Amino acid sequence: YQRRVRGLNLSRIGESGWEQYNVSLIDEIYRYNYDMLDARFKNRNKHIANVCAKNNVKDSKIHNLFYFRTLKIAWCPSFKAGSTTWKQYFVHRFVDPNMAKPILDVLSRFKIKHAYGKWPETDRTRYTAEERDTTRFTIVRHPIVRIISFWKNAQDCTEMIATSLHRNIILKRQVTKSKKAQYTAEFEAYYNWCKLRLAHQTTASRPTGSPDNPYLNPPAITFPELVDRMASQYNGHWAPVSDWCELCSNKLDYVAKLEGEPWELWYLVDMLGLWDDRTEFLSHKNSATGRVSTERELEDFTKQLNSKQRNFLNKFFRYDNMMFGYREI
């Protein structure tokens, strides 16, 4: 019996390598460690509140809560932190169960739009039509790992078509003035091929270009280029969760960390009343590569950045790091 108990204790078995477990064993480990996980979530909320109080964190005035009345749940999607899985769940449940590639826009009618005052007993913002006993939640992830995941998505040329941001970044690269017209024409040929590929209107091979054409070497944004763009353009895909979800005013009930999957995930769906659907959320692989971005990649990617870029990221994600216990780079 003692050997069995020790085998269920997360402090002994660790929180990684769970992929080898079946659902029934995950359930058993979760139940055994429930009190520890409950305390973890409560302590995290207290810590977030302390960071808000001590640092006078200002609200962004951007409301990104999606409210599902029948579930009494309000969700703030933190991009590249399991948001695709949750988006798919809510779209299939409330919009169209057969939609193959759900987009967040189809949930627009569920998005909270207007502030309505304060609930005095909780001192958190009350929104129009939202009920007092609504449970608010989000899922967070190391902010730099989120950026790495976004960068991975950007490596496919079809993503460049879907998001004009990537094309604009590439065309700002320095080129020899005398060859600018040639290099631009070569890039446009590649760009148009990408458009046809995205529309499934071509089986042709990728067009060739000059081996020294900066626009095509590489033909996708680099990680340092992405960080530079972050410094000049606000985007939900890389916005700090503390800002995007207005954690200091919204006072979410549950903030789960993706790195704590499946244990924190099991606790979250249990508290949200979604226990019977828990296996639908059990994956956070990168949607482009099928691989999981991890903190182990941090060193390789941060080596590509100069000190100015690293300092920017540390400042940009300052409150996320403080609230969720992530380390600076």
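The values are calculated or read from the model by the stated rules, or taken from the named source; none is laboratory data. Owing to the predicted nature of the structure, the values given are computational and were not obtained by experimental measurement. Backbone-built Cβ (ideal geometry, glycine too); neighbour counts: all protein chains shown. Surface areas here come from the heavy atoms of the whole protein model, side chains and all, with no ligands, DNA or RNA. Shrake-Rupley method; radii C 1.70, N 1.55, O 1.52, S 1.80 Å.
Restricting to region 139-162, give me the number of residues that are open to solvent by 40 Å² or more (accessible area, probe 1.4 Å) and more than 26 Å from Pro211 (Cβ to Cβ). Steps first, answer last, please.
If we filter region 139-162 for residues that are open to solvent by 40 Å² or more (accessible area, probe 1.4 Å), which is where we start, we get 151, 155-156, 159, 162.
If we keep only those that are more than 26 Å from Pro211 (Cβ to Cβ) as well, we get 162.
Total meeting the criteria: 1.
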**Request:** Starting from region 232-243, take each residue that is in contact (Cβ under 8 Å) with a residue 12 or more places away in the chain and of a type in the set (D, E, K, R) and list its partners that are open to solvent by 10 Å² or more (accessible area, probe 1.4 Å) and in a helix (DSSP H, G or I), counting only C-beta distances under 8 angstrom and pairs at least six apart or across chains.
**Result:** Asp243/Tyr319
**Request:** Sort through Arg132, Arg126 and tell me the only one that's modelled with pLDDT under 95, over 27 Å from Leu282 (Cα atoms) and assigned to a loop (DSSP other than H, G, I, E, B).
**Result:** Arg132
**Message:** Considering only region 224-246, I want to know if a residue exists there that is assigned to a loop (DSSP other than H, G, I, E, B), open to solvent by less than 20 Å² (accessible area, probe 1.4 Å), at pLDDT below 95 and touching a strand residue (DSSP E or B) at 6+ places or on another chain (Cβ under 6 Å).
**Reply:** yes
**Prompt:** Looking at this structure, is Lys87 free of Cβ contacts under 8 Å to residues at least 24 places away in the same chain and closer than 14 Å to Thr138 by Cβ?
**Reply:** yes
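Which of the residues belonging to region 187-206 are farther than 18 Å from Val175 by Cβ and either open to solvent by less than 60 Å² (accessible area, probe 1.4 Å) or in contact (Cβ under 8 Å) with a residue 12 or more places away in the chain (or both)? Outline the logic, then answer.
Looking only at region 187-206, we keep the residues that are farther than 18 Å from Val175 by Cβ, and these are 192-206.
Selection gives Trp193, Cys194, Lys195, Arg197, Leu198, Ala199, Thr202, Ala204, Arg206.
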**Message:** Against the conditions (1) over 25 Å from Tyr267 (Cβ atoms); (2) touching a residue at least 24 places away in the same chain (Cβ under 8 Å); (3) touching a strand residue (DSSP E or B) at 6+ places or on another chain (Cβ under 7 Å), where does Lys118 fall short? Just the number, please.
**Reply:** (2)
**Asked** Of the numbered conditions (1) in contact with an Asp or Glu (Cβ under 9 Å, 6 or more places away or on another chain); (2) assigned to a loop (DSSP other than H, G, I, E, B); (3) closer than 30 Å to Trp238 by Cα, Thr208 satisfies every one except a single condition; which is it?
**Response** (3)
**Prompt:** Can you tell me how many residues in region 49-94 are open to solvent by 40 Å² or more (accessible area, probe 1.4 Å) and part of a loop (DSSP other than H, G, I, E, B)?
**Reply:** 7
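Against the condition open to solvent by less than 50 Å² (accessible area, probe 1.4 Å) and either without any contact (Cβ under 8 Å) to a residue 40 or more places away in the chain or not in a loop (DSSP other than H, G, I, E, B) (or both), how does Tyr215 come out, does it pass?
On the way: open to solvent by less than 50 Å² (accessible area, probe 1.4 Å): yes; either without any contact (Cβ under 8 Å) to a residue 40 or more places away in the chain or not in a loop (DSSP other than H, G, I, E, B) (or both): yes.
Yes.
Among the residues in region 112-120, are any outside any strand (DSSP E or B), modelled with pLDDT of 90 or more and loosely packed, with under 14 Cβ neighbours inside 10 Å? First the steps, then the outcome.
Kept after step one, since they are outside any strand (DSSP E or B), are these residues of region 112-120: 112-114, 120.
Among the residues that remain, those that are also modelled with pLDDT of 90 or more are: none.
No.
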**Request:** Could you please let me know if Thr135 is touching a residue at least 12 places away in the same chain (Cβ under 8 Å), in contact with a Cys (Cβ under 8 Å, 6 or more places away or on another chain) and open to solvent by 10 Å² or more (accessible area, probe 1.4 Å)?
**Result:** no
